[in-house]
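Data first, discussion second: the structure below is written as structure tokens.
Quick note: the coordinates plus some simple rules give every number you see, no bench work behind them. This structure is a prediction, so every number in the text was calculated from the model and none was measured. Glycine also receives a Cβ, built like all others from the backbone with ideal geometry; neighbour counts cover every protein chain displayed.
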Amino acid sequence: MPYDVIAFGEAMVRLAPPHFQRLEQARTLDVEIGGAELNTAAALARLGRRVAWVSRLPNNALGRLIANRVREIGVADPFIQMSEEGRCGLYFLEFGAAPRPSAILYDRRDSAMAHLRRGLFDWPAILDQARWLHISGITAALSPGAAEVVEEALDAAQQARVKVSFDLNYRSQLWSREKAAAVLARLLPKVELLIASEADAEHLFGITGEDFTEVAEEWVARFGVKIVAGTRREAPLVWRNRFAAVGYSAGKTVESEWYDVEIVDRLGAGDALAAGLLHGLLDNDLKKAIHYGAALGALKHTVPGDLPWLTRDEIEAALQGPNLRIRR
């Protein structure tokens with residue numbers, strides 16, 4: 001079956017105390033699931049795109065919990081492997097309120113995805129008839145073996161002439177700046193679309209500029225990527241932001257309108273933005289990509305959990321401008 005997008009990455013179970021409690025206070029925990037690439041795949045599925053997720057899950061109840069949620073949100077699952085190696089990664093989320101920021105505690109070491117090694121996935125078969133492959137730097141950071149499998153997937157995509165979308169997603173808790181820069185420098189020349197913050201550009205590679213366009217031009221010059229995209233965010237309070245998207249390709253910069261966002265849950269907003277970008281680029285339309293990316297990213301802030309439980313009608317309505325009247 002042909003797919004618009006194949007997404008490859010890890011998903012974890014998310015545990016969060018309710019009502020802004022600290023973990024030390026908690027007597028109950030709300031359960032969600034999330035992972036950068038899966039979140040993007042889910043948003044694309046909600047837009048009506050054909051999308052599949054590639055991953056390894058532990059062959060136990062937590063692995064089945066994730067697999068069930070993947071199917072529930074409409075993402076195809078034929079490339080999920082259930083493994084006897086490794087465990088299910090967890091992360092704990094404490095919701096903050098100004099002046100205390102939200103905080104995440106990871107418990108993901110020795111996960112099933114950290115046990116990756118070359119040859120586990122038949123990438124030529126997986127990518128057959130696919131149009132895009134979407135991966136993030138988080139996957140490469142899980143272990144040396146995982147980084148090798150990411151490179152294996154990117155090489156297979158080049159062979160199959162499948163375009164690659166790569167969300168840099170640098171996580172200092174997973175790897176050092178030096179290690180990340182060394183691995184990413186090998187991967188980025190194989191990438192068509194790079195999603196990256198200006199802060200990560202400077203921190204990892206010393207790339208700076210007067211504005212987004214100058215930074216994007218340096219990404220293109222140094223690594224040969226074709227498209228660079230990112231977010232604009234103004235954050236006066238933990239639960240109130242302004243959000244927008246910006247992209248660059250072939251000497252042209254495109255910016256979206258700004259969205260005023262009242263935040264319910266900001267986890268997964270960047271992944272939703274990535275889905276909007278791919279949705280537009282599947283139609284070879286950078287302007288559409290940036291505007292859908294901004295709308296999806298803004299809307300995701302309003303949905304509890306990492307996954308974007310949104311409808312296409314809601315996304316299309318957001319593109320028409322704000323309308324906060326109750327739907328009846």
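Listing for the model above:
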item: Overall form of segment 147-215 per C-alpha gyration tensor (a/c, 1.5; a/b vs b/c); result: oblate
item: Long-range tail of P(r) for segment 235-318 (Cα pairs > 18 Å, %); result: 37 percent
item: Segment 1-81 - Rg over Rh from alpha carbon coordinates, Kirkwood radius; result: 1.06
item: Inter-label distance, nm, simple model (7 Å from Cα along the C-beta direction), Glu210/Arg177; result: 2.6 nm
item: Set of lysines with alpha-carbon distance to Lys179 below 29 Å, sequence-local pairs under 8 removed; result: Lys163, Lys190, Lys226
item: Within the chain, helix-based [θ] at 222 nm, where runs of 4 or more DSSP H residues each add -39,500 (n - 2.57), nearest 500; result: -10500 deg cm²/dmol
item: Largest-first principal axis extents, alpha carbons of the chain, Å; result: 51, 51, 41
item: Segment 88-130 shape via C-alpha gyration tensor axes, a/c threshold 1.5; result: oblate
item: Percent of alpha-carbon pairs separated by more than 26 Å within segment 39-190; result: 29 percent
item: For segment 188-328, the fraction of alpha-carbon pairs in successive 5 Å shells from zero, as %; result: 2, 10, 20, 22, 19, 14, 8, 3, 1, 1, 0
item: For the chain: relative contact order, % (alpha-carbon pairs under 8 angstrom, 6 or more apart); result: 15 percent
item: Share, in percent, of DSSP beta bridges within the chain that are antiparallel, nearest 5; result: 50 percent
item: Peptide ranges 51-60, 269-278 listed from the most packed, as the mean C-beta count within 10 angstrom indicates; result: 269-278, 51-60
